[in-house]
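Notes follow once the structure below has been shown.
Just so it is clear, none of the values below were taken in a lab; they were calculated from the coordinates. Nothing here was measured: the structure is a model prediction, and the numbers come from that model. Please note: Cβ atoms are built from the backbone with ideal geometry, for glycine as well, and neighbour counts cover all protein chains shown.
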Amino acid sequence: MRKFFPILMLAFVSFFTYSCDNNDDDVQYVDNDTYSGVVEITRSFQFNSAGAFGEQHVIREEISKYGMMDSDKVLVYRLKGVSNGLDVWEQIPKKIYLSDGNEVDYDFDFTKNDVQIYVNGTFNVTTAPEFYNNQTFRIVLVPAGYLNKGVSKVDYSDYNAVIKYYNIDDSKVVKIK
């Protein structure tokens, strides 16, 4: 009996160890530190400085008040226009090729405190107010937990897909002028 009991215990433990499933494919990851959200800003670019790449024109928005963590991510979309009454958003960075051979480039960088959006071109962009003045951008705050866990299966170039995936109520966008 003494030899049988350890073998029985080993078989019992082995059975339960084998039965446990570590496959987390069906588990939806929830990041409780940061909430997805959208901030919309409409502004004109301001001249910043002449840097290594030429003139810099920038829009700056503070985002620290929205609870950004160091590891969270930011996506930025520019209002390209309106089609059939619906806003058309394009993800930046974006290079726009003009019919005269010139280019307009939108780019951004961010920290947990702010987002800076830049516009530059192969010409003086201040002479093209449609690319410089009263530009509308949507800044989407994305919890890094989604990205770090590898569960993010969304086309980030599609604003509407991002809003749907992160379950953001598009009617509650924070609008700042």
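Taking 22 Å as R0, compute the FRET efficiency from the Cβ-Cβ separation of Ser71 and Lys153 and round it to 0.05.
For R0 = 22 Å, the calculated efficiency reads 0.65.
Out of residues 5 or more away from Phe123 or on other chains, whose amide H comes under 5 Å of its own, with H placed 1.01 Å from N in the peptide plane?
Here Glu103 satisfy the definition.
Based on the mean of other Cβ atoms within 10 Å per residue, sort peptides 106-114, 72-80 so the most packed one is first.
Numbers: 106-114: 15.2, 72-80: 19.8.
Descending packing order for the listed peptides: 72-80, 106-114.
Holding the Cα-Cα limit at 22 Å, pick out from Lys65/Lys172; Lys80/Lys175; Lys65/Lys175; Lys95/Lys164; Lys73/Lys172 the pairs that are longer than that.
Working: Lys65/Lys172 16 Å; Lys80/Lys175 17 Å; Lys65/Lys175 14 Å; Lys95/Lys164 26 Å; Lys73/Lys172 20 Å.
Result: Lys95/Lys164 exceed 22 Å.
Once you have the Cα-Cα distance between Ala128 and Gln46, take 0.36 nm times their residue separation minus that, and quote the gain in nm to one decimal. Walk me through the intermediate numbers first.
Working: separation 82, 0.36 × 82 = 29.52 nm, distance 1.38 nm.
Between Ala128 and Gln46, full extension yields 28.1 nm more.
What does the charge add up to near Thr136, with Lys and Arg as +1, Asp and Glu as -1, over the other residues with Cβ less than 13 Å from its Cβ?
Numbers: positive: Arg43, Arg78, Lys80, Arg138, Lys175, Lys177; negative: Glu40, Glu61, Asp87, Glu90, Glu130.
Charge balance near Thr136 sits at +1.
Evaluate the distance, in nm, between pseudo-label points positioned 7 Å from the Cα of Arg60 and of Ala144 along their respective Cα→Cβ axes.
Output for this residue pair reads 2.3 nm.
Work out, step by step, the length gained on full extension between Lys80 and Thr136: first 0.36 nm times the residue separation, then minus their alpha carbon distance; give nm to one decimal.
Working: separation 56, 0.36 × 56 = 20.16 nm, distance 0.86 nm.
My answer for the length gained is 19.3 nm.
Rg over Rh of region 33-171, using C-alpha atoms and the Kirkwood radius, what does it come to?
Values: Rg = 15.7 Å, Rh = 16.0 Å.
Value, to two decimals: 0.98.
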